[in-house]
1. Tally the residues that are over 21 Å from GLN116 (Cα atoms), of a type in the set (D, E, K, R) and either open to solvent by 80 Å² or more (accessible area, probe 1.4 Å) or touching a residue at least 40 places away in the same chain (Cβ under 8 Å) (or both), restricting the search to the range 17-42.
2. Spot the failing condition for ALA85; the list is (1) in contact (Cβ under 8 Å) with a residue 60 or more places away in the chain; (2) farther than 15 Å from ASP34 by Cβ, and only one is missed.
3. Looking at the structure I just gave you, is ARG71 under 14 Å from the mean Cα position of the chain (by Cα) and free of Cβ contacts under 8 Å to residues at least 40 places away in the same chain?
4. What pairs come up if the first residue lies in the range 106-131 and is within 27 Å of TYR82 (Cβ to Cβ), the second is among the polar types (S, T, N, Q), and their beta carbons are under 6 Å apart, counting only those six or more places apart or on different chains?
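The values are calculated or read from the model by the stated rules, or taken from the named source; none is laboratory data. No experiment lies behind these values; they were computed from the predicted model shown. Cβ placement follows ideal geometry from the backbone for every residue including glycine, while neighbour counts extend to all protein chains displayed. Note: accessible area is taken over every heavy atom of the protein model, side chains too, but ligands, DNA and RNA are not part of it. Shrake-Rupley method; radii C 1.70, N 1.55, O 1.52, S 1.80 Å.
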Amino acid sequence: MHRLKDLIQQGTSSTASKTSPKMEQQLLSAPRVDAADIRQFQGQVVRIVGKVEQGNHPVAVLACGPDTSMRVHVKMAPGNQYNTAYVEVMGRVNHDGMEEIMSYDLGDCFDMGNYQQLLTFSMGQYRPLFA
């Protein structure tokens with residue numbers, strides 16, 4: 001748990017160091033979702049992984065899903081930028097996508113198919129392992 005707290009404090013977002021204890025708890029317990037399910041989490045803090053299609057401020061576009069065919073619009077945190085092809089964004093879901101709280105660069109090679117399988121496990125019969 002402490003390692004995750006350290007990562008939260010070291011996130012690439014300029015707002016990462018300004019998180020309150022309540023926000024830290026929301027980030028620690030934020031569910032991982034895919035683009036197909038994101039609307040079900042309106043107003044909640046979630047994590048999503050995607051390939052950066054457009055990373056210009058103020059709104060980035062992430063290609064998500066196993067074949068990167070779904071798009072999620074992310075209102076980026078002030079001063080943040082994505083430095084790799086794939087990122088994980090933690091943020092609050094709103095009516096037109098999500099608003100970033102913080103993000104992590106995941107590198108230029110990331111298997112979205114494997115990640116989709118992880119999501120399937122974490123929301124299905126293996127849900128207790130991910131709680």
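1. Going through the range 17-42 one residue at a time, the tally reaches 2.
2. (1)
3. Criteria met by ARG71.
4. Filtered contacts from the range 106-131: GLY107/THR84; ASP108/THR84; MET112/THR68; PHE130/SER122.
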